[in-house]
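The values are calculated or read from the model by the stated rules, or taken from the named source; none is laboratory data. None of the values given here were measured: they were computed from a predicted structure. A quick note on method: Cβ atoms are made from the backbone with ideal geometry, for glycine too, and the neighbour counts reach across all protein chains shown. Heads up: the accessible areas ignore ligands, DNA and RNA and are worked out on the full protein's heavy atoms, side chains in. Shrake-Rupley method; radii C 1.70, N 1.55, O 1.52, S 1.80 Å.
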Amino acid sequence: MEILSVFHAFLIIEIMFISVLVVSCNHISMKGNSRSNFLFGTASSSYQFEGAFLNDGKGLSNWDVFTHEPGRILDGSTGDVAVDQYHLYQEDFDIMNYTGVNSYRFSISWARILPKGRFGKVNRAGIDHYMKFIDALLLRGIQPFVTLTHFDIPQELEERYGSWLSPHLQEDFSYYANICFKFFGDKVKYWSTFNEPNVMVLRGYMYGTNPPSRCSPPYGNCSSGDSEREPFIAAHNIILSHAAAVNIYRTKYQKKQGGSTGIVMNSIWFEPISSSLEDKLAAERAQSFFFNWFLDPILHGRYPAEMHELLGDDLPVFSKFDREILKTGLDFIGINHYTSFYAKDCMFSPCEPGKGASRIEGYALRTALKDGVYIGEPTSIEGLYVYPEGMQKAVTYIKERYNNTPMFITENGYGVEEMPNSTDDELLHDVKRVEYLRSYFEALADTMRSDGADVRGYFVWSLLDNFEWTYGYTIRFGLYRVDYGTLKRTPRLSAAWYRQFIADNPLQILSAHE
Ligand code: BGC
């Protein structure tokens, strides 16, 4: 209650400012879209939000182990407590309810359900927790949009056989997915198998910055690994794990439970740095080595041609049996979109060293600068630039390449580093975040209207500040500020803006009260 009244007071103070912003974005309402079930929500993940890291029988995850190793996380922190959503979910769902969202994207902690993977018992307390969690959402009319794994997996599987490097993981993932469908499938209508497997394998097996931190020079500095091969092996096992899980859903549950399944990918828009054919091809290769890498096999049954050409035998092969399983496809594509880069050809002419320039990255150098000017305003996170047109171009590209498969923007948001000694006003008056969200919405709405892109929902990352992976708690993405000493949630200007935006949106009004 306290939070809501602070919010009211805050809203009154800000109301004039917000009205200006709302007026300026009224023209972007999605009236042209006739679907009445458009999802507006916020997104999160188990490791970044839950805390309660060994409570009620949960097993260790790879991220629990990684964050406890000295030197891994910028501020030396862990997700042991995070924002303690494990305990504070009722309060968080009240906030969501107040904000007016009709969906919440979160992930299940695999190690909370299966502390030892398939080599141990199902943790009943974990099942009960998510059951209560999902019921509490539904009670407020908020649709659960569930990711099965958002980077965290039981440590047991890492130790037994090197996690995603082993084809055994396909069996583990199917076993876990089946349990989730069985227990929660009557209540959950949106399932995504993976969050950003492209980011997961690149950071985990090419650059080595995330667990299991494997890589080889010059891509990173790890004690073991093989950057030229392992990312592609891990990706292959993930693609087949996705297919196996979707297959289980289709054959055992979908008819009865009536839900849908997809995969969430990180999407970067790669803009050719010049109008030359070489740079255009480089931008296309950059897309293939980052995004199409996973979706082409899932939706077209094979890896992109550019990957075959450049990787040769380093690219694993799908067997006849695999190709059969892959036909199961998906029902929707989840798109996490935050940034764009220029792509510069390195195949036909030599490039300076940098991300993207090598053979295994598609010979397409990523750069944010063209003639000394950034593609978009830099943010506090390295590599994230504000370029809303990139959202539009990415959605159109995905729509065309994958035959307008239904899409959700499963993440989009703005991170900032809080300066010590900031005033309260500076902590809460997040005008830049509001501007970012407004401009990205505008770009999305344009694509939906002008190109007929079948986008069915939008999730802001995130409702609350949270554990930002290797940045620890130094970068904040929340519509609500979290005081990490007390865990108190306080609304920022962007929370009021999002609430007003949703309230003004006719699509949302229809869907929320159906
Ligand atoms: C991830 C989130 C992360 C966000 C902001 C996405 O890549 O899915 O877990 O917090 O970006 O960096």
Q) Considering segment 431-445 alone, what residues qualify as being under 14 Å from Leu384 (Cβ atoms) and of a type in the set (Lys, Arg)? A) Lys432, Arg433
Q | Residue ID - most open to solvent (accessible area, probe 1.4 Å), chosen from residues in segment 432-447 that are out of contact with any Pro (no Cβ under 9 Å at 6 or more places or on another chain) and within 16 Å of the ligand (Cβ to nearest atom) | A | Lys432
Q. Does any residue of segment 242-260 turn out to be of a type in the set (Ser, Thr, Tyr) and open to solvent by 40 Å² or more (accessible area, probe 1.4 Å)?
A. yes
Q: Being more than 16 Å from the ligand (Cβ to nearest atom) and open to solvent by less than 40 Å² (accessible area, probe 1.4 Å) is the filter; apply it to segment 35-63 and report the residue that is farthest from Trp110 (Cα to Cα).
A: Ser36
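Do you know which residues across segment 247-265 are of a type outside the set (Ser, Thr, Tyr) and either under 19 Å from the mean Cα position of the chain (by Cα) or modelled with pLDDT under 95 (or both)? Even if it seems obvious, please write down each step before you answer.
So the first thing to find is which residues in segment 247-265 are of a type outside the set (Ser, Thr, Tyr), and the list is 247-248, 250, 252, 254-259, 262-265.
Once the filter is applied, which keeps residues that are of a type outside the set (Ser, Thr, Tyr) and either under 19 Å from the mean Cα position of the chain (by Cα) or modelled with pLDDT under 95 (or both), segment 247-265 yields Gly262, Ile263, Val264, Met265.
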Q: Report whether or not Arg489 is basic (Lys, Arg), within 12 Å of the ligand (Cβ to nearest atom), crowded, with 22+ Cβ neighbours inside 10 Å and touching a residue at least 24 places away in the same chain (Cβ under 8 Å).
A: no
Q: Could you grab me the full set of residues in segment 448-477 that are within 25 Å of Asn37 (Cα to Cα), within 15 Å of the ligand (Cβ to nearest atom), of a type outside the set (Val, Ile, Thr) and in contact with a Ser or Thr (Cβ under 6 Å, 6 or more places away or on another chain)?
A: Phe459, Ser462, Leu463
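Inside segment 1-94, counting only helices (runs of 4 or more DSSP H) that do not spill past its ends, which hold 1 or more residues that are modelled with pLDDT of 95 or more?
Values: elements: 2-25, 46-49, 62-67.
Correct list: 46-49, 62-67.
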Q) Checking Phe348 against (1) more than 16 Å from the ligand (Cβ to nearest atom); (2) surrounded by 20 or more Cβ atoms within 10 Å (Cβ to Cβ); (3) on the phi < 0 side of the Ramachandran plot, which test does it fail? A) (2)
**Q.** In segment 79-90, the residues that are at negative phi and crowded, with 22+ Cβ neighbours inside 10 Å
**A.** Gly79, Val83, Gln85
Q) What tally of residues in segment 180-215 results from selecting those that are more than 16 Å from the ligand (Cβ to nearest atom) and surrounded by fewer than 18 Cβ atoms within 10 Å (Cβ to Cβ)? A) 4
Q: Would you mind stating whether Val101 is away from the ligand (no atom under 16 Å from the Cβ), closer than 24 Å to Arg489 by Cβ, surrounded by 24 or more Cβ atoms within 10 Å (Cβ to Cβ) and among the aliphatic types (A, V, I, L, M)?
A: yes
Q: Quick one: Gly372 ticks every box in (1) closer than 30 Å to Gly472 by Cα; (2) among the small types (Gly, Ala, Ser); (3) more than 17 Å from the chain's Cα centre (by Cα) except a single one, so which number is it?
A: (1)
Q: Output the number of residues of segment 152-174 satisfying the condition of being surrounded by fewer than 17 Cβ atoms within 10 Å (Cβ to Cβ) and aromatic (Phe, Trp, Tyr).
A: 1
